[in-house]
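Below is one structure, written out as structure tokens; the observations come after it.
The values are calculated or read from the model by the stated rules, or taken from the named source; none is laboratory data. This one's a predicted model, so the numbers in the text were calculated from it and none came from an experiment. Note: ideal-geometry Cβ built from the backbone for every residue, glycine included; neighbour counts use all protein chains shown. SASA here: full protein model, heavy atoms, side chains in, ligands and nucleic acids out. Shrake-Rupley method; radii C 1.70, N 1.55, O 1.52, S 1.80 Å.
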Amino acid sequence: MLVLPAPGGELLNWSPSGSRPPAPPPAPPSARIAYAAAHVVADALADEPYAVDWDTTLAFREHLWSCGLGVAEAMDTAQRGMGLDWATTQDLVTRTGAAAAGRRWCAGVGTDQLPPGPATITSIVDAWREQLALVAGAGAVPVVMASRALAAAATGPDDYHAAYGKLLSEEGGPVLLHWLGEQFDPALAGYWGHADVRAAARELAALCTEHAATIAGVKVSVLDAEVEIEFRRALPDGVACYTGDDFNYPELIAGDTEGHSEALLGIFDPLAPIAGAALRCLDDGDRAGFRALLDPTVPLSREIFRAPTRHYKTGVVFLAHLNGHQDHFRMIAGQESARTITHLATLLRLADEAGVLADPDLAEARMRPLLQVAGVV
């Protein structure tokens, strides 16, 4: 039994329930396209705070593939812009490409190699081009990520159309676009030239219509199911919507009579065995089974991604540690300190209730020293 801190200052007695997620089967990917945005594992014994444990990082990608999911590499879940620099990103993409062996994966194409300070549309497009060449050369589907530099440089929608249009008119495709809301990154506020999220969605849908031959899909991470459904219905034929909504993913993936969202989700990193099993239910036409597996995970996901949402990576890595995928709870750039011990204790309880803990006894043993360090008795 553990004594866990709870919101409001209470102390709760907790023992693991013993529930376990479905065992990952040796199964092919689902008919639905589902990517888990993967975290990176820090080298806890390195002298500098940005070192990556490559063996453990790549082993985790093997775990995701074994669950029938694709790997979304070098996305914000991998701490792009929060510890993972461009030099390390290049190494990560190259290593994952060598390990993929034809399995489904995509990778982020950003502008984070640009120097600090103002950027021009030309320099932003050049930065995207450089990263796109690396990602495509490694064999991944490129995901053109929202750019902090463009958000700072753009004066309105025309600048977004100019930047994306220049890149997409030269690229043969297929590529995915990536719309990360300001909840995930405050530096992306007003992206697409609009503070209103619905106006931004209309702007992006228009861009997709103009470049439908190149854009295979768009990842939408705005944490608003109604906005995503409206946007999904506005997309031209052949351009898919990929949900990045870690609050409402079961209903968005299940879809309705007018369509569904594919998935590119950070929450599928800790949920991989359950997500893989749920997607196989959809393949078999069992929507009730799909919801029965995924719906209980939503309270956990909402806690992981609660404001400030950009710190969700801490919860993702914490659960990887509890589930035995890494032997420490350290993150590159010390980001494990971004959340409180009360938050982590809540995640432990919710993960247990959702059946996410692979070995509840191991999770309990790994939580105990964290509580002791935090002074919880």
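How many of the residues making up the range 300-336 are of a type in the set (Val, Ile, Thr), crowded, with 24+ Cβ neighbours inside 10 Å and farther than 19 Å from Met367 by Cβ? Count: 1. Of all residues in the range 254-270, those being touching a strand residue (DSSP E or B) at 6+ places or on another chain (Cβ under 7 Å) and either in a loop (DSSP other than H, G, I, E, B) or open to solvent by less than 10 Å² (accessible area, probe 1.4 Å) (or both) number 7. Which of the residues spanning the range 184-212 are out of contact with any Asp or Glu (no Cβ under 7 Å at 6 or more places or on another chain) and either without any contact (Cβ under 8 Å) to a residue 24 or more places away in the chain or among the aliphatic types (A, V, I, L, M) (or both)? Those that are out of contact with any Asp or Glu (no Cβ under 7 Å at 6 or more places or on another chain) and either without any contact (Cβ under 8 Å) to a residue 24 or more places away in the chain or among the aliphatic types (A, V, I, L, M) (or both): Ala187, Ala195, Asp196, Ala199, Ala200, Leu204, Ala205, Ala206, Leu207, Ala212.
Summed over the range 118-132, the residues that are over 14 Å from Thr89 (Cα atoms), assigned to a helix (DSSP H, G or I) and not small (Gly, Ala, Ser) give a count of 6.
Within the range 356-370, restricting attention to residues that are out of contact with any Leu (no Cβ under 8 Å at 6 or more places or on another chain) and farther than 15 Å from Thr342 by Cα, which residue is least open to solvent (accessible area, probe 1.4 Å)? Step through it out loud before you land on a result.
Filtering the range 356-370 down to residues out of contact with any Leu (no Cβ under 8 Å at 6 or more places or on another chain) leaves 358-361, 365, 369.
Adding the requirement that they be farther than 15 Å from Thr342 by Cα leaves 358-361, 365.
Values: Ala358: 42, Asp359: 55, Pro360: 5, Asp361: 100, Ala365: 59 Å².
Ranking the candidates gives Pro360 first.
Of the listed requirements (1) over 19 Å from Val41 (Cα atoms); (2) at pLDDT 95 or above; (3) not in a loop (DSSP other than H, G, I, E, B), Tyr312 misses just one: (1). Of all residues in the range 277-306, those satisfying the criterion of being closer than 29 Å to Glu182 by Cα, in a helix (DSSP H, G or I) and of a type outside the set (A, V, I, L, M, F, W, C) are Arg291, Asp295, Pro296, Thr297, Pro299, Ser301, Arg302, Glu303. If you go through the range 337-355 and pick out every residue that is of a type in the set (A, V, I, L, M, F, W, C) and open to solvent by 20 Å² or more (accessible area, probe 1.4 Å), you end up with 3.
Among the residues making up the range 228-253, those that are surrounded by fewer than 17 Cβ atoms within 10 Å (Cβ to Cβ) and assigned to a helix (DSSP H, G or I) are Glu230, Arg233, Ala234.
Return the total of residues in the range 271-299 being hydrophobic (A, V, I, L, M, F, W, C) and crowded, with 24+ Cβ neighbours inside 10 Å. The qualifying residues number 7. Figure legend. Inter-residue proximity from the range 272-295: first residues closer than 11 Å to Ala31 by Cα, second residues open to solvent by less than 60 Å² (accessible area, probe 1.4 Å) and aromatic (Phe, Trp, Tyr), beta-carbon distance below 8 Å, spacing 6+ or different chains. Indicated pairs: Leu279/Phe290; Cys281/Phe290; Leu282/Phe290. Every condition in (1) without any contact (Cβ under 8 Å) to a residue 24 or more places away in the chain; (2) touching a Lys or Arg at 6+ places or on another chain (Cβ under 7 Å) holds for Gly355 except the one numbered (1).
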